[in-house]
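Working notes for the structure below.
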Amino acid sequence: MNWSNPLFINSNWTSEISNREQKEVAAEQVAKEIKNGDVIGVGSGSTSFLAIHAIANRIEAEGLSILAIPTSHEVAMACARLNIPTTSLMAHKPNWAFDGADEIDANRRMIKGRGGALFAEKIVMASANKTFILVDPSKFVDRLGEKFPVPVEVDPRAIHLVETSLKRLGTEEIKLRNAIGKDGPIITEAGNLILDVRFNQIFDDFERKIKSIPGVIESGLFIGYNVEVISV
Ligand code: 5RP
C-alpha cells in the first residue's frame, strides 16, 4: 500500500534550479549508464535530483531493477516518490555513483557540500568504483575556492578547537553556516554544524589535514577520487 499524502507526492526541488536545461542534459546522459541490477550511489543537490528523475523514467520504460544508495533525506524522499528501491552502504557496495559539485578545477579537484550532504556524499564516493560528476559550465574554476568556501562538518562540541586549528592552515574567513527556515545554525543529518571556510590557496594535502583535526567529521574537499566528469 502507498501513502497518498499531497505534501509528499507534490514535493519538488526546494528552489528554482539554476542552469536547469544544462543540468537536465547531464542528467539524461548519466541515466544512460544504468544497467539492470546496478547498485548506484546517488548524490545530493539539484543536478542529482534531476538525474534521479531521468533514471526513474528509464526504469519505468525498460522495466529495469536497480538499488539506490541515497546521500541525503532529500534524495531518499525522491527515490521513495519515484518508486526507486533504496539500500545502504552497510548492505551494499555501489557499482558506481553520481553526484554534482559546487566547483571543479582542471585536475578534477572539487568542492562539494553546498547542500550540507558532504559527509554521506564522501563515504558513498569513496565506496564506489567510479563516480560520474554532473556539472554545468558554471562549476568549472581556474582556482579551487574561487567562488565557494570549503564546508567543514564539525561535532558541535569541537567548534572552538576546529576554528582554532583551521586558522593555523591559513584561512581567510570562517563562518558558521546559518539555517534558512530555522533559527540559528544548520544542523546536518548527522547532528553536526557546518563551518564555511575560505582559503587563498587550496593545496592537495588540505583534505587530509582538515580531516585530521579532532572534531572534524568531514570536509567538502574531494581530491583524488575516481571520477568521470559529465558536462554540457
Ligand atoms: C550537496 C552538493 C551538491 O552536489 C552540490 O552543491 C551541487 O548542487 P547542484 O547540483 O544543486 O548545483 O555537494 O551537498
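As a rough footprinting exposure proxy, the listed residues D196, D102, D142 were ranked by other beta carbons within 10 Å of their own, and the order from fewest upward is D142, D196, D102.
As a quick test, which of the pairs K112/K175; K112/K211; K35/K139; K93/K209; K23/K93 have an alpha carbon distance above 22 angstrom in this structure? Table pairs above 22 Å Cα-Cα are K35/K139; K93/K209; K23/K93. What value, in deg cm²/dmol to 500, does the helix sum -39500 (n - 2.57) over DSSP H runs of n ≥ 4 give at 222 nm once divided by the residues of the chain? The per-residue figure over the chain is -8500 deg cm²/dmol.
Over the range 150-220, what is the relative contact order in whole percent, taking alpha-carbon pairs under 8 Å and six or more residues apart? Present the calculation step by step, with values, prior to reporting the outcome.
Values: 113 pairs, mean separation 34.7, N = 71.
Relative CO of the range 150-220 lands at 49 percent.
Under Stokes-Einstein, with the Kirkwood radius over Cα pairs standing in for Rh, what whole-number D in µm²/s applies to the chain at 4 °C and 1.567 mPa s? Estimated via Stokes-Einstein, D reaches 71 µm²/s. Between T47, T14, T71, the residue with the greatest mean-square fluctuation in the GNM of the chain (Cα pairs under 10 Å linked by springs) is T14.
Within the shell defined by Cβ-Cβ distances under 11 Å, the residues around P70 carry a net charge of -3, with Lys and Arg each +1 and Asp and Glu each -1.
Taking only Cα atoms of the range 43-100, what ratio of Rg to Rh do you get with Rh as the Kirkwood inverse-distance radius? If you can, show how the numbers build up before the last one.
Details: Rg = 10.6 Å, Rh = 11.5 Å.
Rg divided by Rh gives 0.93.
Here the label points at V229 and I17, each 7 Å from Cα along the C-beta direction, are separated by 2.1 nm in the simple model. Select from F98, F206, F222 the residue whose mean-square fluctuation is largest in a Gaussian network model of the chain (Cα-Cα springs shorter than 10 Å). Of F98, F206, F222, the most mobile in the Gaussian network model is F206. Remark: spin-label model distance L64-K130 equals 1.5 nm, labels positioned 7 Å along the Cα→Cβ axis.
Roughly what % of Cα-Cα distances in the range 65-196 sit above 17 Å, to the whole percent? Write down the numbers at each step before the final one.
Values: 5662 of 8646 pairs.
Of all Cα-Cα distances in the range 65-196, 65 percent exceed 17 Å.
Spin-label pair M90-D155: with each label point 7 Å from Cα along the Cα-Cβ axis, the two points sit 2.0 nm from one another.
For the options G181, G113, G170, a Gaussian network treatment of the chain with springs between C-alpha atoms closer than 10 Å singles out G181 as fluctuating the most. The alpha-carbon atoms of the range 150-220, seen along their principal axes, cover 35, 21, 19 angstrom, with the largest extent given first. Among T171, T188, the order by Cβ neighbours within 10 angstrom, fewest to most, reads T171, T188.
Read-outs throughout are calculated quantities, based only on the coordinates presented, and are distinct from any laboratory measurement. Predicted model only: the values in this text are computed from it and were never measured. Neighbour counts are summed over all protein chains in view; Cβ atoms, including those assigned to glycine, are modelled from backbone coordinates with ideal geometry.
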